[in-house]
Amino acid sequence: MNRTFLFTFVTAACLVCAPAALVAQQQAPAKAGSSMQMTKSADKGDTGMHMTSAPPASGPVTPVNKRMICMITNKAYSKPQLPVTVKGRTYYGCCDMCRHTLKTDASSRYATDPISGKKVDKSKAVVGKDAKGSVVYFQNQADFDAYNARQAKHPTSSGL
């Protein structure tokens, strides 16, 4: 599938997350901690663009309710997002395409804690957002607090 068709499909399917995907695709080199990737599901045959982990936040993060974030675009929004339950855990997406990704792509349901470096299930994570609305996932409140302490000491870095 060529990129022009894919971008047209993404734009038509998801007006909320398509702009973020287009901006991320055009940035080179990609920012550390985030990656847009083309994926093809072997069993479904669908091809899509998915953000595999949250970008590093700029500045300190504040707590955010999981219902207010899209766990695919890793952005906080002002209204509740669409829930999707997978294996008894609830995740949130901004559109049907993001919900489909959460259901079918197990890697989309995980992020990396920037303090411990451990894989974190987004449904169980402590979530924070920066001033731009980007979210960061933590395995526990202690890592959330440690991240903010580092950001306070080094406000221009990603906290690490």
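On the basis of being over 11 Å from the mean Cα position of the chain (by Cα) and not β-branched (Val, Ile, Thr), does Ser134 make the cut?
No.
Test Ser134 against the stated conditions and say whether it is at pLDDT below 95 and not charged (D, E, K, R).
So Ser134 passes the test.
Would you please name the residue that is surrounded by the most Cβ atoms within 10 Å (Cβ to Cβ), looking only at residues in the stretch 83-122 that are under 19 Å from Phe144 (Cα atoms) and of a type in the set (A, V, I, L, M, F, W, C)?
Ala111
Can you spot a residue in the stretch 136-157 that is more than 19 Å from Pro80 (Cβ to Cβ), part of a loop (DSSP other than H, G, I, E, B), β-branched (Val, Ile, Thr) and out of contact with any Lys or Arg (no Cβ under 6 Å at 6 or more places or on another chain)?
As a first pass, look at the stretch 136-157 and keep what is more than 19 Å from Pro80 (Cβ to Cβ): 136, 138-157.
So of that shortlist, the ones also part of a loop (DSSP other than H, G, I, E, B) come out as 139-140, 154-157.
Next, only the ones that are β-branched (Val, Ile, Thr) stay: 156.
This time we only want the ones that are out of contact with any Lys or Arg (no Cβ under 6 Å at 6 or more places or on another chain), so: 156.
Checking the stretch 136-157: at least one residue is more than 19 Å from Pro80 (Cβ to Cβ), part of a loop (DSSP other than H, G, I, E, B), β-branched (Val, Ile, Thr) and out of contact with any Lys or Arg (no Cβ under 6 Å at 6 or more places or on another chain).
Pull up the stretch 147-160, narrow it to residues that are closer than 15 Å to Thr62 by Cβ and either under 12 Å from the mean Cα position of the chain (by Cα) or of a type in the set (Gly, Ala, Ser) (or both), then point me to the one that is modelled with the highest pLDDT.
Ala149
For the stretch 88-131, which positions are within 23 Å of Ala142 (Cα to Cα) and of a type in the set (D, E, K, R)?
Listed by number, the residues that qualify are Arg89, Arg109, Asp113, Lys118, Lys119, Asp121, Lys122, Lys124, Lys129, Asp130.
Does the stretch 53-76 include one or more residues that are modelled with pLDDT of 95 or more, of a type in the set (Ser, Thr, Tyr) and surrounded by 15 or more Cβ atoms within 10 Å (Cβ to Cβ)?
So far as the stretch 53-76 goes, yes, one or more of its residues are modelled with pLDDT of 95 or more, of a type in the set (Ser, Thr, Tyr) and surrounded by 15 or more Cβ atoms within 10 Å (Cβ to Cβ).
For the stretch 109-129, what are the residues that are in a loop (DSSP other than H, G, I, E, B) and under 13 Å from the mean Cα position of the chain (by Cα)? Write out each step before concluding.
Quick first cut of the stretch 109-129, residues in a loop (DSSP other than H, G, I, E, B) only: 113-118, 122-125.
Once the filter is applied, which keeps residues that are in a loop (DSSP other than H, G, I, E, B) and under 13 Å from the mean Cα position of the chain (by Cα), the stretch 109-129 yields Asp113, Lys122, Ser123, Ala125.
The values are calculated or read from the model by the stated rules, or taken from the named source; none is laboratory data. Everything numeric here is computed off the predicted structure, so don't read it as measured data. Methodologically, a virtual Cβ is constructed for each residue, glycine included, from the backbone with ideal geometry; neighbour enumeration extends over all protein chains shown.
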